[in-house]
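Visitor: Below are the structure tokens for one structure; questions will follow.
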Amino acid sequence: MFVDTHTHLYVPEFDDDVAQVIERGLTAGVQRFILPAIDSTYTQRMRQLEKAYPFSISVMAGLHPTHVGPGFEQELTHVHHQLSTEKCIAVGEIGIDLYWDKTYLREQKEAFARQIQWARDFNLPFAIHCRQAFDEVFDVLTSFDGLHRGVFHCFSGDFSQAQRAISLGLHLGIGGVVTFKNGQIDQWINQIPLEHLVLETDAPYLAPAPHRGKRNEPEFLTLVVTKLAALYGVSEQEIGQVTTANAKNLFNWSDETL
């Protein structure tokens, strides 16, 4: 049984068949779907899915770095309100993205740091989005004392960056990239103990081979599991058992809720 720790089932790409997508995931062994936030415009859609599938879907609250702009203070107020008044499994996705635009780097750093602090205040893990910004992300992370509790979503760094993330207490979120011929993480990931990994799809994005370039969905998590089993030289069952235990510990689930 598997946990998809990062899947955007509420976006328009799933409007026509989200129920079937979820059912295919459940049939494939994905027993829990965690929905990371983007901004306030998606909150209602996320909560509707959570209400429809209360035993399968959990929701994060957070402001995605690519949505940090002139109105980010209002968005952060919304995030804090969600954390204060609604059930949230984590804070995320949060972080820094310099791939598209560097205009709001200062604001991205501020939003990232404040949301990390809220994760600590509410005793929640957080999910990091990092794109072409590892130095900047580590600068913010190391400005806090002690270890963190969270996951480097869709980890795409190198081995030394992975080791640094783990040294800060973070898990690595592994998805379709591990199946890409040019993904590179497949060259060293088996040097990282499985205890530091959680599974994710980032659906509808980053579909694993042989579906690369098409819509991703939780069912395809099994292809990530197959690849990891081959890389680590263990059974797919072991990949599932260890990564599910990691997710339970990270997101503080009891046996009764997962």
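The values are calculated or read from the model by the stated rules, or taken from the named source; none is laboratory data. Here the structure is a predicted model, which means the values were calculated and not measured. Using ideal geometry, Cβ is built from the backbone for each residue, glycine included, and neighbour counts are taken over all protein chains shown.
Visitor: Hey, could you check the stretch 203-244 for residues that are of a type in the set (Gly, Ala, Ser) and under 16 Å from the mean Cα position of the chain (by Cα) and say which is farthest from residue 11 (Cα to Cα)?
Guide: 207
Visitor: Step by step: first the residues of the stretch 156-196, then only those that are touching a helix residue (DSSP H, G or I) at 6+ places or on another chain (Cβ under 7 Å) and in a loop (DSSP other than H, G, I, E, B), then the one that is surrounded by the most Cβ atoms within 10 Å (Cβ to Cβ). Which residue is that?
Guide: 175
Visitor: Run down 28, 61 and say which single residue is among the small types (Gly, Ala, Ser) and surrounded by fewer than 20 Cβ atoms within 10 Å (Cβ to Cβ). Walk me through how you get there before you give the answer.
Guide: On the way: 61 fails: surrounded by fewer than 20 Cβ atoms within 10 Å (Cβ to Cβ).
Just a single option satisfies the conditions, and that option is 28.
Visitor: Let me ask something else about it. Scan (1) modelled with pLDDT under 95; (2) closer than 20 Å to residue 35 by Cα for the single condition residue 181 breaks and write down its number.
Guide: Exception for residue 181: condition (2).
Visitor: What residue, among those in the stretch 39-94 that are aromatic (Phe, Trp, Tyr) and assigned to a loop (DSSP other than H, G, I, E, B), is farthest from residue 23 (Cα to Cα)? Don't jump to the end; show me each part of the working.
Guide: Let us first name the residues in the stretch 39-94 that are aromatic (Phe, Trp, Tyr), namely 42, 53, 55, 72.
Filter once more, keeping what is assigned to a loop (DSSP other than H, G, I, E, B): 53, 55.
Numbers: 53: 11, 55: 13 Å.
Step by step, filter the stretch 39-94, then rank; the result is 55.
Visitor: Given the structure, is residue 227 touching a Pro at 6+ places or on another chain (Cβ under 8 Å) and at pLDDT 95 or above? Spell out how you get there, then give the answer.
Guide: Numbers: touching a Pro at 6+ places or on another chain (Cβ under 8 Å): yes; at pLDDT 95 or above: yes.
Judged against the criteria, residue 227 is a match.
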